[in-house]
Amino acid sequence: MNVENAEEMPIIDIYSLDEGNLKELARLFDELDFEARRVGGADKRDNIERLWDSVIAEIDYKVAEILCLPKSLADAARMLARIMMQRRLQRAGEARPQAIRGEEEYRISRPPKTKHIKTVREESKQTRLDEST
């Protein structure tokens, strides 16, 4: 997402919500948590698909209602998000169970030291226009 697009996105100021909308959103997110646990987590594509068209759709519709946006826009946004999710999943490898549970330790590895290899530009003695001679 580009910064310019993010700056123009409407967001909900939860402090300005009336109590009814706030409680409804809280209930929907609690329901999402419950359903995700019931289907076995949100780490598998099939489970996400089940949640996508039920609880997540309800959350999207509620957010659209609060922002005074048409329901069709919520549907379109969810469709685009699904496409992005599918593209991401196609590129992703299999998740390691320890990573999903948050138990995996991450180590920062440094690339192996290599001898300096001259680039083509260095070998041909070319100079860029923005470099001084």
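So which helices (runs of 4 or more DSSP H) are wholly in the range 1-60 and hold at least 1 residues that are under 20 Å from Lys71 (Cα atoms), at pLDDT 90 or above and among the polar types (S, T, N, Q)?
Where helices (runs of 4 or more DSSP H) fall fully within the range 1-60 and carry at least 1 residues being under 20 Å from Lys71 (Cα atoms), at pLDDT 90 or above and among the polar types (S, T, N, Q), they are 19-38.
Table: residues versus (1) surrounded by fewer than 12 Cβ atoms within 10 Å (Cβ to Cβ); (2) among the acidic types (Asp, Glu); (3) touching a residue at least 40 places away in the same chain (Cβ under 8 Å).
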residue	(1), (2), (3)
Leu51	no, no, no
Lys62	no, no, yes
Leu80	yes, no, no
Met84	yes, no, no
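Take the residues in the range 1-49 that are of a type in the set (Phe, Trp, Tyr) and under 23 Å from Met85 (Cβ atoms); name whichever of them is surrounded by the fewest Cβ atoms within 10 Å (Cβ to Cβ).
Phe34
The values are calculated or read from the model by the stated rules, or taken from the named source; none is laboratory data. Remember, it's a predicted structure, so these values are computed and weren't measured experimentally. Cβ: placed from backbone, ideal geometry, glycine included. Neighbour counts: every protein chain shown.
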